[in-house]
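The values are calculated or read from the model by the stated rules, or taken from the named source; none is laboratory data. Treat the numbers as computed from the prediction; the structure is a model and nothing was measured. Reconstructed Cβ throughout: ideal geometry from the backbone, glycine too, with neighbour counts over all protein chains shown.
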Amino acid sequence: MKGSFRQSMAWLHTWSGLVFGWVLFAMFMTGTASYFRPEITRWMEPETGRPASYAQAAQGAVAYLTKTAPDAKSWSITLPDERQATARLFWRPAPTPGEEAPRGRGRSENRAILDAATGQPVSPRDTRGGEFFYRVHFQMHYLPVLQGRWVAGLCAMFMLVAIASGVVTHKRIFKDFFTFRPRKAAQRSWLDAHNLTAVLALPFHLMITYTGLVTLMGLYMPWGVAANYKAPETYFEAMFPRAEEVERSGVAAPLADLPKVLATASAHWGGGRPWIVNVSNPGDASAVIEVTRHSGDQLAYSGGTLTFNGVTGQLMTASPQPGPAVLTNRVMYGLHMGRFADPILRWVYFLCSLAGCAMVATGLVLWTVKRRSQLPDPERPHFGFRLVERLNIGTIAGVPAGMAAMLWANRLLPVGMAGRAEWEVHAFFIAWGAMIAWACARPTRRAWVETLSASAFLVAALPLVSAATTSRNLVSHLMTSDWAMVAFDLTLLALGGALAFCALKAGAYRTAPKPRRRNRTEEAPA
Amino acid sequence: MSGRAVRAPAWRRGADVAARTVAAIGLGYLLAALAAAALARWLPVPRLEATMTGSLISFAVFAAVAMWAFAAREAWRVWAYGCLVASGLAVLIWLSLLMEPRL
C-alpha cells in the first residue's frame, strides 16, 4: 500500500473493523452474557429450585432412572454444580429385537429434568435459557449451523487481524493507557475511549479471539488432521479414547452405589467434581459406569474420564494424560469458556468482555465521527455514511434491547404456548430489527437518544416484569439468600443504568465544533 | 491510506484493494492450511501432538499473511511470494507423504 507500514495498518484496522463490527458486537454481547449461562438458565426457568450437591442429585437421578428406564442400553446424567438447580438426564432404550441400533438420544420421551435437591422431575417452561446466547455467539441463528460457525470464524479471524493491526497502528500504546480526554474535540474523546477499552483489556481481547478460533479449530482448520489421518474418526479415537461398548450379559446384578463411586472419583481427582455420568447396561452384571470430571475444575477444559465396574464400583481405567500440545489446546478452550473461574474471576471475565463490547462500539462510532467533519456537506451525508450511522445506532442499542426482549418474552409468553422457545428467540431478532428501523426513521441524535432510552428501559424493567409475573423478585431472593439471583437483578439494573447514562450523554452531545486552532501540546491524532 | 491524496485513478485503487483483500483471505487461508499440514507432518513429536501444534499455530499464520497483504508495497508481490511459499510447503507435505503414509 502507499504510505508507511503504520498507515496501511491503520487503513486495514479501520475497514476490517467496520465490515465485521456489527456482527462482532453481537458476538461480544452474547458471549459476555454466556459467562453467566447457568444463572441465565436459572432465571429463565423460574419453575426450578435451588442448586444442591452433586451427590444428592446423583441419588435422585439413579432412583428416577431405575424406576423409569431399568432396561435401558445406557443412562446419561449431567450433574448440577453449585450454579445449577437441575440434573439433566437422558437414556437410550435397549434395542428391540430386529432393530439395528438403539433409538437416538434426541427424543424428548427419553429425557428428564430433575430438581437437584429433591430428585423430583420438574418441567420448566419451554425455553432455550442461557443456551441461546451461548449458541448464537458462535453459530448465529436462522442459518444452518455450519454456515453460522463459518460466519463467526470469519469475523473472529478479522477480529484477530484488527487487534494485531490496531496494536501496530498504535505507537503510543503505553501513554494512551493513561489518556482520556472527555472534554476535548469529539473525535479525540471517542479515540481515547476506543483506545482505553481496547488497551486496558488487550491481553483479554487477544486471548479471547485466538482461543475462540481454537474452540472451532476442527471445523476451520482440518488440514493438519487430514495430513496425518486417512479418516477423521481415527483422529477422534486418538483424541478422545472411549471404552468399547459391551453387550448385556443377561445376568441381573444391582448397580453399584453411585454416590460412593462419585466419592471415589472425586478422591482420585484430589477433590475434583464429577460432572457427566454414563451408565451402560444398568442392572446387568456387565454394567460400566463412566464418570467425567467437571470441565471447570482446571484450566484445561477436559478433566478426563474414569471408568468403574458398574457392579462392584471398582475403578478400572482412567483416560490417559494428554501430551503438551493437546493439553495446550484444552487450556485454550478452558480459557475461552472461563468455567474454571471462581466468582471474582468470573466478574473480571465479564467486565473485560464488556470492555470488548465497548471497544467494538466506540470503534464503530469513531468511524462516523472521524468522517463527518471531512464530508463535503456534513448536514447531508452520502448514502454509505448514513447506512453505517444507522446500523451503528440500531445495533449498539439494538443488541442489548434484543437480549432484554428475549427475557421479557420468557416472562410474558403463555407457558403452554406452542413453539414458545423459538418465539423467545424471535423476540431477540424482532427487537433488534425494530431498533434498526427506528434508527433509520429518526434524525441521528434523536435516534441515539430514543433507541438507547428504549434499550435502557427494556433492561432495567426486567426485575419488575419478573416480580409481576412470577414468585421471583429481589425481596424473595434476598429473604432466601439466593445471591446469584439477587446479583442477576442488580446487574440488570446496573446495565440499564449504564444504557440510560449513554442516552443522557447522547442527548447532551454537540456535534463536533469547527476545529479550533491547534493547541501546541496536542499531538497529531493516530 | 485514508485521507491521503493518492494519485492513481479510482478503478486502480479499487483493483488494488480487491487484490489485497482476496490475498488476505484466500492466500491467508491457503498458507495457514498448508503450514498446519506441513507442521503436522514434519514436527518430530507423536502424530497427534504434531497435528495439534500445527493446527493451533495456523491462525497466527493467517493473521500474519492478512497483515502482510495490506502492508506490502505492491499487491503482486504478495501473490508472487505467497504462491512461492505455498508451493514450497506443498512439496514438503508431498515428500513426507511419499516417505510415510497417513494413519
Scan region A:180-195 and tell me whether some residue there is surrounded by 20 or more Cβ atoms within 10 Å (Cβ to Cβ) and polar (S, T, N, Q). yes
If A:Tyr349 meets every condition in (1) at pLDDT 95 or above; (2) more than 30 Å from B:Gly54 (Cα to Cα) apart from one, which number is that one? (2)
Hey, any hits in region A:370-393 for a residue that's outside any helix (DSSP H, G or I) and on the phi > 0 side of the Ramachandran plot? no
The one condition A:Arg6 fails out of (1) modelled with pLDDT of 95 or more; (2) farther than 30 Å from A:Ile436 by Cα; (3) surrounded by fewer than 22 Cβ atoms within 10 Å (Cβ to Cβ) is (1)
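Results for (1) more than 14 Å from chain B (Cβ to nearest Cβ); (2) outside any loop (DSSP other than H, G, I, E, B); (3) in contact (Cβ under 8 Å) with a residue 40 or more places away in the chain; (4) out of contact with any helix residue (DSSP H, G or I) (no Cβ under 7 Å at 6 or more places or on another chain), shown as yes or no for each residue.
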{"position": "A:Gly313", "(1), (2), (3), (4)": "yes, no, yes, no"}
{"position": "A:Met316", "(1), (2), (3), (4)": "yes, yes, no, yes"}
{"position": "A:Val326", "(1), (2), (3), (4)": "no, yes, yes, no"}
{"position": "A:Arg330", "(1), (2), (3), (4)": "no, yes, no, yes"}
{"position": "A:Tyr333", "(1), (2), (3), (4)": "no, yes, yes, no"}
{"position": "A:His336", "(1), (2), (3), (4)": "no, yes, yes, no"}
{"position": "A:Arg339", "(1), (2), (3), (4)": "yes, no, yes, yes"}
{"position": "A:Ile344", "(1), (2), (3), (4)": "yes, yes, no, yes"}
{"position": "A:Leu354", "(1), (2), (3), (4)": "yes, yes, yes, no"}
Determine whether region A:163-171 contains at least one residue that is surrounded by 14 or more Cβ atoms within 10 Å (Cβ to Cβ), at pLDDT below 95, within 14 Å of another protein chain (Cβ to nearest Cβ) and under 22 Å from the mean Cα position of the chain (by Cα). yes
Test set (1) of a type in the set (Ser, Thr, Tyr); (2) assigned to a loop (DSSP other than H, G, I, E, B); (3) outside the structural domain of A:Thr68 (by TED's automatic domain parsing) - A:Tyr349 fails condition number: (2)
For region A:397-407 the number of residues that are in a helix (DSSP H, G or I) and in contact with a Leu (Cβ under 7 Å, 6 or more places away or on another chain) is 5
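State all residues of region A:1-38 that are of a type in the set (Ser, Thr, Tyr), away from every other protein chain (no Cβ under 14 Å) and more than 19 Å from A:Thr395 (Cβ to Cβ); if no residue qualifies, say none.
A:Tyr35
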So, in region A:193-214, how many residues would count as being within 14 Å of chain B (Cβ to nearest Cβ) and either among the polar types (S, T, N, Q) or over 12 Å from A:Ala355 (Cα atoms) (or both)? 9
Single residue of region A:423-478 satisfying the filter (β-branched (Val, Ile, Thr) and touching a Pro at 6+ places or on another chain (Cβ under 8 Å)) that is farthest from A:Arg411 (Cα to Cα): A:Val459
Of the residues A:Ala434, A:Ala427, A:Ala454, A:Ala439, which single one is more than 14 Å from A:Met403 (Cα to Cα), among the small types (Gly, Ala, Ser) and in the same structural domain as A:Met29 (by TED's automatic domain parsing)? A:Ala439
Quick one: count up the residues across region B:35-55 that are buried (at least 23 other Cβ atoms within 10 Å of the Cβ) and not small (Gly, Ala, Ser). 4
One residue is enough: does region A:287-294 have a residue meeting the conditions away from chain B (no Cβ under 14 Å), within 32 Å of the chain's Cα centre (by Cα) and part of a helix (DSSP H, G or I)? no
Going through A:Leu299, A:Leu306 one at a time, which residue ends up being within 22 Å of A:Glu245 (Cβ to Cβ) and either in the same structural domain as A:Ala87 (by TED's automatic domain parsing) or buried (at least 18 other Cβ atoms within 10 Å of the Cβ) (or both)? A:Leu306
Inside region A:226-236, can you point out the residues that are over 15 Å from B:Glu100 (Cα atoms), part of a helix (DSSP H, G or I) and either facing another protein chain (nearest Cβ under 10 Å) or in contact with a strand residue (DSSP E or B) (Cβ under 6 Å, 6 or more places away or on another chain) (or both)? A:Thr234, A:Tyr235
Pairs only if they're at least six apart or on different chains, beta carbon under 7 angstrom, first in region A:384-413 and without any contact (Cβ under 8 Å) to a residue 24 or more places away in the chain, second assigned to a helix (DSSP H, G or I) and of a type outside the set (Gly, Ala, Ser); list them, first residue then second. A:Phe385/A:Thr368; A:Phe385/A:Arg371; A:Ala409/A:Trp423; A:Ala409/A:Glu424; A:Leu413/A:Arg420; A:Leu413/A:Trp423; A:Leu413/A:Glu424
With respect to A:Tyr64, determine if the residue is farther than 26 Å from A:Arg92 by Cα, more than 14 Å from every other protein chain (Cβ to nearest Cβ) and not charged (D, E, K, R). no
Out of curiosity, is A:Gln56 more than 14 Å from every other protein chain (Cβ to nearest Cβ), surrounded by 17 or more Cβ atoms within 10 Å (Cβ to Cβ) and either closer than 30 Å to A:Arg248 by Cα or modelled with pLDDT under 95 (or both)? yes
Filter region A:60-117 for residues that are at pLDDT below 80, surrounded by 13 or more Cβ atoms within 10 Å (Cβ to Cβ) and of a type in the set (D, E, K, R) and give the result. A:Arg103
Being farther than 29 Å from A:Pro324 by Cα, among the β-branched types (Val, Ile, Thr), within 14 Å of the chain's Cα centre (by Cα) and surrounded by 19 or more Cβ atoms within 10 Å (Cβ to Cβ) narrows it down to one residue among B:Val78, B:Val65, B:Val22; which is it? B:Val78
